[in-house]
Amino acid sequence: MFRTMRRFKQQLENEECISILKNEKRGVLSLIGDDGYPYGIPLSHMYSEKDGKIYFHGAKEGHKIDAIKNCDKASFCVYDKGYTNPGEWALNVKSVVVFGRVKLIDDIKRAEEICSDLVRKFTSDEEYLKKELANALSRVQCFELEIEHMTGKRVKEE
């Protein structure tokens, strides 16, 4: 069902893909949007080692929600900051592309756990976390992306 990587010598091992998903803070979620147009949205995310899923949060209404309700299939792309070798201009980048299905999380306790884990990925400020949960949790929609297929690739941009 999913394609094999054409440039297989550049393929990353599964563990390296997971490391990128865990450590990078943002990626682009791509959905099928209005009138069949692709809809890609940059999001902060959290990869859970407990269940191997990726979690996001956002508003309870809008283009993203409508797209997910119409078709739960998605792809999510994350890439690292890359590096350049001394004396070269080309950026060396590692990227991960995930294919899977997105579902809305309706359980408020689970949403609180997801939001807490997401905030802790960015800061250890527990007072900030408490304030955000008190002020915004009721307005937040959490999403779960179940991974069906994942590939990673090492690229030198030249």
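The values are calculated or read from the model by the stated rules, or taken from the named source; none is laboratory data. Please read these numbers as outputs of a predicted model, since none were measured by experiment. Methodologically, a virtual Cβ is constructed for each residue, glycine included, from the backbone with ideal geometry; neighbour enumeration extends over all protein chains shown. Protein only, heavy atoms only, side chains kept; ligands, DNA and RNA dropped before computing areas. Shrake-Rupley method; radii C 1.70, N 1.55, O 1.52, S 1.80 Å.
Taking region 2-42 as the region of interest, how many residues are acidic (D, E) and either open to solvent by less than 100 Å² (accessible area, probe 1.4 Å) or in a loop (DSSP other than H, G, I, E, B) (or both)? Steps first, please.
Residues of region 2-42 acidic (D, E): 13, 15-16, 24, 34-35.
Now restrict to residues that are either open to solvent by less than 100 Å² (accessible area, probe 1.4 Å) or in a loop (DSSP other than H, G, I, E, B) (or both): 13, 16, 24, 34.
Qualifying residue count, region 2-42: 4.
Keeping to region 117-135, report how many residues are in contact (Cβ under 8 Å) with a residue 12 or more places away in the chain and more than 20 Å from the chain's Cα centre (by Cα). Steps first, answer last, please.
Going through region 117-135, the residues in contact (Cβ under 8 Å) with a residue 12 or more places away in the chain turn out to be 117-119, 121-122, 129, 132-133.
Filter again for more than 20 Å from the chain's Cα centre (by Cα), leaving 129, 132-133.
Of the residues in region 117-135, 3 are in contact (Cβ under 8 Å) with a residue 12 or more places away in the chain and more than 20 Å from the chain's Cα centre (by Cα).
Read through the list (1) in a helix (DSSP H, G or I); (2) farther than 21 Å from D51 by Cβ; (3) out of contact with any helix residue (DSSP H, G or I) (no Cβ under 7 Å at 6 or more places or on another chain), then give the number of the only condition that K81 fails.
(1)
Quick one: in region 144-158, of everything that is under 30 Å from R110 (Cα atoms) and not β-branched (V, I, T), which residue is surrounded by the most Cβ atoms within 10 Å (Cβ to Cβ)? Step through it out loud before you land on a result.
First, the residues of region 144-158 that are under 30 Å from R110 (Cα atoms): 144-152.
When the remaining residues are screened for being not β-branched (V, I, T), the result is 144-146, 148-150, 152.
Numbers: E144: 18, L145: 22, E146: 15, E148: 13, H149: 12, M150: 19, G152: 24.
My answer is G152.
Kindly list, by first and then second residue, each pair from a residue in region 4-17 that is more than 18 Å from E49 (Cα to Cα) and modelled with pLDDT of 90 or more to a residue that is small (G, A, S) and open to solvent by less than 100 Å² (accessible area, probe 1.4 Å), limited to pairs with Cβ atoms under 8 Å and residues at least 6 apart or on different chains.
Taking only residues 6 or more apart or on different chains, the pairs are L12/G152.
I'm trying to understand the selection: among the residues of region 89-116, which are among the acidic types (D, E) and either touching a helix residue (DSSP H, G or I) at 6+ places or on another chain (Cβ under 7 Å) or touching a residue at least 60 places away in the same chain (Cβ under 8 Å) (or both)? Talk me through it step by step, then tell me what you get.
Our first condition is that a residue be among the acidic types (D, E); within region 89-116, this holds for 106-107, 112-113.
Correct list: E112 only.
Cβ-Cβ under 8 Å, sequence separation 6+ or interchain: first residue in region 41-53 and touching a residue at least 40 places away in the same chain (Cβ under 8 Å) and charged (D, E, K, R), partner open to solvent by 30 Å² or more (accessible area, probe 1.4 Å) and outside any loop (DSSP other than H, G, I, E, B). Which pairs?
K53/Y47; K53/E146; K53/I147
From L91, L104, which residue is open to solvent by 20 Å² or more (accessible area, probe 1.4 Å), of a type in the set (A, V, I, L, M) and more than 26 Å from D117 (Cα to Cα)? Talk me through it step by step, then tell me what you get.
Working: L104 fails: more than 26 Å from D117 (Cα to Cα).
Only one candidate qualifies: L91.
Only one of these conditions is not met by R139: (1) loosely packed, with under 15 Cβ neighbours inside 10 Å; (2) without any contact (Cβ under 8 Å) to a residue 40 or more places away in the chain. Which number is it?
Unmet for R139, out of (1) loosely packed, with under 15 Cβ neighbours inside 10 Å; (2) without any contact (Cβ under 8 Å) to a residue 40 or more places away in the chain: (2).
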